[in-house]
1. Let me spell it out: the conditions are (1) under 21 Å from the mean Cα position of the chain (by Cα); (2) of a type outside the set (F, W, Y); (3) at pLDDT 95 or above, and Q86 meets all of them except one. Which number is the exception?
2. Starting from the stretch 141-159, keep only residues that are free of Cβ contacts under 8 Å to residues at least 40 places away in the same chain, then list their pairs with residues that are charged (D, E, K, R) whose Cβ atoms are within a distance under 6 Å, requiring at least 6 positions of separation or different chains.
3. Scan (1) among the polar types (S, T, N, Q); (2) farther than 25 Å from V50 by Cβ; (3) within 19 Å of the chain's Cα centre (by Cα); (4) at pLDDT 90 or above for the single condition Q120 breaks and write down its number.
4. What is the residue count in the stretch 83-135 for residues that are farther than 17 Å from L38 by Cβ and among the aromatic types (F, W, Y)?
5. Considering the stretch 66-82 alone, what residues qualify as being in contact (Cβ under 8 Å) with a residue 40 or more places away in the chain and either farther than 15 Å from I51 by Cβ or touching a strand residue (DSSP E or B) at 6+ places or on another chain (Cβ under 7 Å) (or both)?
6. Is it the case that I51 is touching a helix residue (DSSP H, G or I) at 6+ places or on another chain (Cβ under 6 Å) and not assigned by TED's automatic domain parsing to the domain that holds F139?
7. State all residues of the stretch 43-75 that are small (G, A, S), at pLDDT 95 or above and farther than 18 Å from Q115 by Cβ; if no residue qualifies, say none.
Amino acid sequence: MNTSGMNLLFLRDEELRQGIELLFFAYRDFTAEPDAMLAKYGFGRAHHRVIYFVGRNPGMTVGELLGILRITKQSLSRVLGQLVDQGFVAQKTGARDRRQRLLHLTEKGAELERQLSAEQRARIARAYRAAGAQAVEGFRRVMLGIIGREDDRRRFAPRTVAGAPPATATGGGTGTGGAG
């Protein structure tokens, strides 16, 4: 029996379409609870992304955030303005470059980020536990293959944490620490 042909069965159109559908359904369920929480504030997913990435990268610049989100300055300005006005995000002037606006979550913003991410982290942890380490590594490789830009993939490069062994060459690390 020719096993090399069997290894390519996942490349059939039906398998690829199922992969697309899995992403749609997973994203729908992954965002459902945070969407409901955000709606109470009149916020949407753009607000969630800002809160998440500012929380993961305290002190990031507006330019760095624009680079991650890939939205227009005008869109970010509207979303960021709402978050600042309502006390979720604080902007500080850069110490070395006074033109920079460094972003930080306020206590209120950090609490909202914890609430928004709690179920998402639990959902991912359940899925990882059920799938096992080898499947998790395969998932990471697939997701990295879907990400289009090399500079975005580099965010997930292996790195060492004090006292921990280096991550595998196929994509360890937490991925969102550091603004790029």
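1. Of (1) under 21 Å from the mean Cα position of the chain (by Cα); (2) of a type outside the set (F, W, Y); (3) at pLDDT 95 or above, only one is false for Q86: (1).
2. Close Cβ pairs satisfying both conditions: L144/R153; I147/R153.
3. (2)
4. 1
5. Listed by number, the list holds a single entry, G67.
6. Numbers: touching a helix residue (DSSP H, G or I) at 6+ places or on another chain (Cβ under 6 Å): yes; not assigned by TED's automatic domain parsing to the domain that holds F139: yes.
It is true that I51 is touching a helix residue (DSSP H, G or I) at 6+ places or on another chain (Cβ under 6 Å) and not assigned by TED's automatic domain parsing to the domain that holds F139.
7. Within the stretch 43-75, just G59 meets the criteria.
The values are calculated or read from the model by the stated rules, or taken from the named source; none is laboratory data. Treat the numbers as computed from the prediction; the structure is a model and nothing was measured. Here Cβ is always computed from backbone atoms with ideal geometry, including for glycine, and neighbour counts include all displayed protein chains.
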